[in-house]
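Notes for the one structure printed next.
The values are calculated or read from the model by the stated rules, or taken from the named source; none is laboratory data. Since we're looking at a predicted model, the values are computed, not measured. Cβ sites come from the backbone with ideal geometry, for glycine too, and all protein chains shown count toward neighbours. Protein only, heavy atoms only, side chains kept; ligands, DNA and RNA dropped before computing areas. Shrake-Rupley method; radii C 1.70, N 1.55, O 1.52, S 1.80 Å.
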Amino acid sequence: MEKRIKTLYIVTIIAIIAFLGMQAYWLYGRYEFSLMEYERGLCERIMRCVEEYNDIRDNTSESKTDFSGNKRDDEVSVPTFSLSQQYGDTVKTTRTARIMTYRYSAHELLGLKPGTPLTDEQRKRVIDIVQGRTDNPVDSAVYDASGAKDENEAWIASKNVQLERKCQFTAEGIDSVLAKSGITAAISLAESDSTVWEVRQDYNPSLFRPSVSLTIPYSQLQGRTATIACRVNPFDVIPGMWLTLIITLLVSCLLIACLVLQFSTVLKLSRIDRLRNSFVTTMIHELKRPISTLKMCVSGLDNERMMTDKAVKTELLTETRNALDNLAAYFSKLRDITFNDVEQIPLNIRSVNLHELFDSVAAAIIRPSGKEVTITNDIKPDLLVSADASHLYNIMVNLVENAMKYSGQEVRISAGASEKDGFVKLKINDDGNGIPAADLKHIFRRFYRGKASAGDQPGMGLGLAYVKLLVDAHGGDIYVESSEGIGTCFTITLPQ
Ligand code: ADP
């Protein structure tokens, strides 16, 4: 059985660890998924901010700043795009984007007074007029646009060059737009010889320091890119997982509680099994004593010679009566201890003189041979208490017997009592072995036997449980103070 319990214990622990591991792994997967979703959403928000920023750049600077960056209130730069495809030996296509910039006075072209603000409509008309002319451009640049997927992409890239000329993409500019959307990011701008076409998204799904980084080619043909790196706070991701977390937590707790409960039930059953075995063994041991006394007395009574001696006859009869009393007390203790409800214990309450009762206990109790026992009665001679005398007697007997059992060669036992507020406090002291602190809170439990002191002493661990049961039945209270090697004091409070 022990081996089985050990195996069950190990298997239960492994099952709990495996289950928790699986749950953690599953939760991590779920967290990674939520994090990716969150990061994807964040990228979309960043892209929207970039578009917004491009709109701002497009709208605020048009007709104010020319390609060289000078403020020219009355002039407008108009780029034209030409895309050419060159075919080599094979089907390889080379695409170039030509951007030519003409400079005209928009107001002159439209016949307006210089400084008059231009409407969108008027701006479009300026571009139409310029595109219809064949004048020499003030600037002409050719870019390799072979990397573009199609002409449309090359055209958009050309427009981005124009936009960059109108109003430069700056880290501060995009940062302020991102900040307005509540995004804090580290921004760096870079320029390379090669053209970059695709937006690159890098996700870092780390558990504690997740981050996302976007490389945006804001002017593809000029190889200009902006890298926007954002750190993600894991607590921003967790709210999306509340339901999953709560369900997982509940299921885990339920399952672990089930396993623990199962295991503790098995343990309890095995403890009960052990207790039953030791109970039977101890009962046999305890019953043996009065039975062998009775046997001895009966054989004495059978002996005619002994029967003729009056003194021997009286002694035999007293021994027989004592043995039978012991048996009766033993069985009533067994019967009482099986009561779960203190109400079931029959009580015959009357006024009892505590001093006299303790005296009768001290007189009747059988001292272990070879042990020097001193019993002192310090209870006031006239102290009365309302109690069932036989139960109170049993309580005292149990406590005095224990004091004698759990002590060395010599033991001093004393009883004292005091009365206060309608209650009587009865104290039974001894200077025996004392009770280890670890045992103190268990000693009133049924079948509990102190680890250090109980080994070589007969007993079933029922005495104190029985005492407590009787005290409870009287509506009283019992507690113990003890120090190992110094002694023990049981205090019983009973209503007077
Ligand atoms: P039992 O004496 O049959 O073991 P009890 O219920 O009477 O059962 O006592 C429970 C335990 O409390 C004992 O096993 C013992 O360890 C401890 N105990 C009780 N009384 C004393 C005492 N006076 N001194 C030291 N230990 C005690």
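None of ASP325, ASP341 is at pLDDT below 85, under 27 Å from GLY461 (Cβ atoms), open to solvent by 80 Å² or more (accessible area, probe 1.4 Å) and more than 16 Å from the ligand (Cβ to nearest atom) except ASP325.
Regarding region 137-153, can at least one residue be identified that is modelled with pLDDT of 90 or more, closer than 14 Å to SER219 by Cα and among the hydroxyl-bearing types (Ser, Thr, Tyr)?
Filtering region 137-153 for residues modelled with pLDDT of 90 or more gives none.
Taking every residue of region 137-153 in turn, none turns out to be modelled with pLDDT of 90 or more, closer than 14 Å to SER219 by Cα and among the hydroxyl-bearing types (Ser, Thr, Tyr).
If I ask for residues that are β-branched (Val, Ile, Thr) and either assigned to a strand (DSSP E or B) or within 9 Å of the ligand (Cβ to nearest atom) (or both), which ones from region 480-494 would you list? Answer for region 480-494, where residues must be β-branched (Val, Ile, Thr) and either assigned to a strand (DSSP E or B) or within 9 Å of the ligand (Cβ to nearest atom) (or both): VAL480, THR488, THR491, ILE492, THR493.
Go through region 300-322 and report how many residues are charged (D, E, K, R) and surrounded by 12 or more Cβ atoms within 10 Å (Cβ to Cβ). Total satisfying the criteria: 4.
When restricted to residues that are open to solvent by less than 100 Å² (accessible area, probe 1.4 Å), farther than 18 Å from LEU261 by Cβ and of a type outside the set (A, V, I, L, M), region 8-27 contains 2. Here the condition is being at pLDDT 90 or above and closer than 24 Å to PHE169 by Cβ; of MET100, MET47, MET22, it holds for MET47 alone.
Considering LYS313, LYS333, the condition of being at pLDDT 80 or above, of a type in the set (Lys, Arg) and in a helix (DSSP H, G or I) is satisfied by LYS313 alone. Residue-level analysis places GLY370 among those that are small (Gly, Ala, Ser) and more than 12 Å from the ligand (Cβ to nearest atom).
When LEU294 is tested against (1) surrounded by 14 or more Cβ atoms within 10 Å (Cβ to Cβ); (2) under 30 Å from VAL11 (Cβ atoms); (3) modelled with pLDDT of 80 or more; (4) aliphatic (A, V, I, L, M), exactly one condition is not met: (2).
Regarding VAL352, is this residue open to solvent by less than 90 Å² (accessible area, probe 1.4 Å) and at pLDDT below 80? It is false that VAL352 is open to solvent by less than 90 Å² (accessible area, probe 1.4 Å) and at pLDDT below 80.
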